[in-house]
Amino acid sequence: MKDSCSGETLLHLIGMTGQVMRSFADQWLRKYDLTLEQLLVLKQMDFESGQTQRMLCNAAVKSPANITRLLDRLENKKYVVRRKNPEDRRASLVFLTGEGLRIREEVREGFDEMRSELLKDIDEQKREQVSDVLRTIKKRIECVSVNKE
């Protein structure tokens, strides 16, 4: 028996699915001693080119204080290294280490396998429809939040 899909039920289901996905990802990442936030920072980084903390703040949509704490933890794990910025001595550049690259790729491969497993019985047309609906809702939320400021 299918539930009716009123707007409230749909939005509730989207929210609950997001919570379950985040909880699952956090739990899965424990074996790598990573949090989802730390992984998102690693995913923003190239191996060879350093990025400023400000660039990482913007890409990860985190405050400077948050990024500093995340980078401190990642540096302690030897996944990133900070070096002085030759163009701005007040800033540092953040580089992914070899170990950081290795763990990022290992986790990415694991998530790719999980994604395949989660979506295996859902045909491409249904995936596209859901993606379109979610993009539309996301845009509307962004518009409402911008207009309220």
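What follows draws every value from the coordinates through simple rules; no lab data is involved. Keep in mind that this is a model prediction, so the values were computed, not measured. Every residue, glycine among them, receives a Cβ derived from its backbone with ideal geometry; neighbour counts consider all protein chains shown.
Rounded to the nearest 20 debye, what is the charge dipole size of the chain about its Cα centre when +1 sits on each Lys and Arg Cβ and -1 on each Asp and Glu Cβ? Write out the running numbers ahead of the final one.
Details: 28 positive and 25 negative charges, 140 e Å.
That gives the chain a dipole magnitude of about 680 debye.
Counting helices only, and only those DSSP H runs with n ≥ 4, report the 222 nm mean residue ellipticity of the chain as the sum of -39,500 (n - 2.57) divided by its residues, in deg cm²/dmol to the nearest 500. Intermediate results must be reported in sequence, preceding the final value.
Numbers: 6 runs with 99 residues, N = 149.
Here the helix-only value at 222 nm equals -22000 deg cm²/dmol.
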Handout entry: Helix 64-76 vs. the chain, principal-axis angle (Cα, 0 to 90°, nearest 10)
Key = 70 degrees
Practice task
Starting from the Cα of LYS78, draw a straight line to each of the aspartates and glutamates and keep only those under 17 Å, dropping any in the same chain fewer than 8 residues away.
Solution key: ASP33, GLU37, ASP46, GLU48, GLU99, GLU105, GLU106
Exercise for the section: Based on the mean of other Cβ atoms within 10 Å per residue, sort peptides 97-109, 120-132 so the most packed one is first. Expected result: 97-109, 120-132
Completion exercise
Note, ARG104: beta-carbon cut-off 11 Å, +1 each Lys/Arg, -1 each Asp/Glu, net -2
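Measure up LYS62/LYS138; LYS77/LYS120; LYS43/LYS126 against 24 Å on the Cα-Cα distance and list the ones that go over. Please list the in-between numbers first.
Values: LYS62/LYS138 19 Å; LYS77/LYS120 35 Å; LYS43/LYS126 28 Å.
Those over the limit are LYS77/LYS120; LYS43/LYS126.
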Fill in the blank from the handout: The ³J(HN,Hα) series, computed from each phi in segment 130-142 with the Karplus coefficients 6.51, -1.76 and 1.60 at θ = phi - 60°, rounded to the nearest Hz and given as x for glycine or proline, is 4, 4, 4, 4, 5, 4, 4, 4, 4, 4, 5, 4, 4
Problem - Residue-wise HN-Hα coupling along segment 108-113, computed from phi with Karplus coefficients 6.51, -1.76, 1.60 (Hz; x: Gly, Pro) - result: 4, 4, x, 5, 4, 5
Completion exercise
If amide H atoms are modeled at 1.01 Å from N in the peptide plane, then the residues at a separation of 5 or more from GLN44, or on another chain, having amide H under 5 Å from its own are none
Exercise for the section: Would you work out which of LEU70, VAL130, GLN27 lies farthest towards the positive end of the dipole of the chain? Charges go on Cβ: Lys and Arg +1, Asp and Glu -1. Expected result: LEU70
Exercise for the section: Work out from phi, with θ = phi - 60° and the Karplus expression 6.51 cos²θ - 1.76 cosθ + 1.60, the ³J(HN,Hα) of each residue of segment 54-61, listed in order in whole Hz, and give x for Gly and Pro. Expected result: 4, 4, 5, 4, 5, 5, 8, 6
Practice task
Provide, for q = 0.23 Å⁻¹, the log10 of I(q)/I(0) from a solvent-free Debye sum over equal Cα point scatterers in segment 28-144.
Solution key: -1.21
